[in-house]
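Participant: Before I ask anything, here is the structure I am working with.
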Amino acid sequence: MRAWVNGRLLDDPGAPAIQVSDHGLTVGDGVFEAVKVVDNRPFALTLHLERLARSAAGLGLPGVDEGLVRKGVEAVLGGGGLRLGRLRITYTGGPAPLGSGRGDEPPTLVVVAAPMDPAAPTARVAVVPWPRNERGALAGLKTTSYAENVIALAEARRRGATEAVFANLAGHLCEGTGTNVFYVVDGELRTPTLASGCLAGVTRRLVLEWVGGREVDEPIEVLQQATEIFLASTTRDVQGVARWDNRDLEAPGPVTADALSTWRSREHELMGV
Ligand SMILES: Cc1ncc(COP(=O)(O)O)c(C=O)c1O
């Protein structure tokens, strides 16, 4: 692992480097991105930086210095040799008083690069009982307030699954803890709209552009009729779902296999871009 904090590459990436009063740590006042790295090159970095800026604006954080983030990315990838990995870019409210109010100090910017294992070929999904709040102040923002995802994923693992999926307050399909969901009903590829409260996933956007699919919000029960389901995310790319709660599915089915092969043939376009 290599870590860069506020302009400085750490000699020891495990050494303490953030103040104990950092608002990201004390109240989850921060935003982040996870970016795939292949052969030491970040995938779709520009799209991720655009979303980081949108998330920061959504929290009312000062504008992100994109040039500085890119310097951090260069610094942590400077060692070379990361065949498959993940960049984590975190931007927080910085040191602050111990309550919810922000302080006057500059934000904290952290970039970390670490190796990553390839994703499993298929996923098992558990639908969890807690709703995503599509009307909440954080809807659609990639913030460091992710503890709901921690609880949901722990529950999914307890049930033998590898990802947890949420409905929203309307009872419509929303997203997973770190994934967007695509499914096939009546031969049509579908995914929830951004109004469902799901994150505007970079992978979701590219699947819609490269493969197609209809954005629609429907009750989560519709997934019981799906002939195929797949997850889309930075760490999984396109990953077929072999089990949805208690139902087994063909994975990858023909639509998923087609999406995966399109993904593999086009992802080079955004390597290092
Ligand atoms: C809540 C949530 N939804 C969806 C995604 C998928 O987004 P992306 O394809 O940009 O990784 C992520 C992961 O980053 C996420 O955290």
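Participant: The conditions are (1) basic (Lys, Arg); (2) without any contact (Cβ under 8 Å) to a residue 60 or more places away in the chain; (3) within 11 Å of the ligand (Cβ to nearest atom), and ARG158 fails exactly one of them. Which is it?
Facilitator: With respect to (1) basic (Lys, Arg); (2) without any contact (Cβ under 8 Å) to a residue 60 or more places away in the chain; (3) within 11 Å of the ligand (Cβ to nearest atom), ARG158 is out only on (3).
Participant: In this structure, is PHE166 within 16 Å of ILE229 (Cα to Cα) and near the ligand (Cβ under 10 Å from one of its atoms)?
Facilitator: Yes; evaluated as a whole, the condition is true for this residue.
Participant: Among the residues of the stretch 30-54, write down those that are among the basic types (Lys, Arg) and either outside any helix (DSSP H, G or I) or within 11 Å of the ligand (Cβ to nearest atom) (or both).
Facilitator: Scanning the stretch 30-54 gives LYS36, ARG41, ARG51.
Participant: When you check ASN168 against the structure, is it without any contact (Cβ under 8 Å) to a residue 12 or more places away in the chain and surrounded by fewer than 24 Cβ atoms within 10 Å (Cβ to Cβ), yes or no?
Facilitator: Considered against the rule, which asks whether it is without any contact (Cβ under 8 Å) to a residue 12 or more places away in the chain and surrounded by fewer than 24 Cβ atoms within 10 Å (Cβ to Cβ), ASN168 comes out as no.
This table checks each residue for (1) farther than 25 Å from GLY140 by Cα; (2) of a type in the set (Val, Ile, Thr).
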residue: PRO16; (1), (2): yes, no
residue: VAL20; (1), (2): yes, yes
residue: GLY24; (1), (2): no, no
residue: ASN40; (1), (2): yes, no
residue: LEU45; (1), (2): no, no
residue: ALA56; (1), (2): no, no
residue: LEU59; (1), (2): no, no
residue: LEU68; (1), (2): no, no
residue: ARG86; (1), (2): no, no
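Participant: Would you confirm, using the coordinates I've provided, whether GLY136 is of a type outside the set (D, E, K, R) and over 30 Å from GLU228 (Cβ atoms)?
Facilitator: yes
Participant: When only residues in the stretch 180-222 that are in contact (Cβ under 8 Å) with a residue 60 or more places away in the chain and in contact with a His (Cβ under 7 Å, 6 or more places away or on another chain) count, which is farthest from the ligand (Cβ to nearest atom)?
Facilitator: So the residue we want is ILE220.
Read-outs throughout are calculated quantities, based only on the coordinates presented, and are distinct from any laboratory measurement. Given the structure is predicted, the values throughout are model-derived calculations rather than measurements. With ideal geometry, Cβ positions are generated from the backbone for all residues, glycine too; neighbour counts draw on all protein chains shown.
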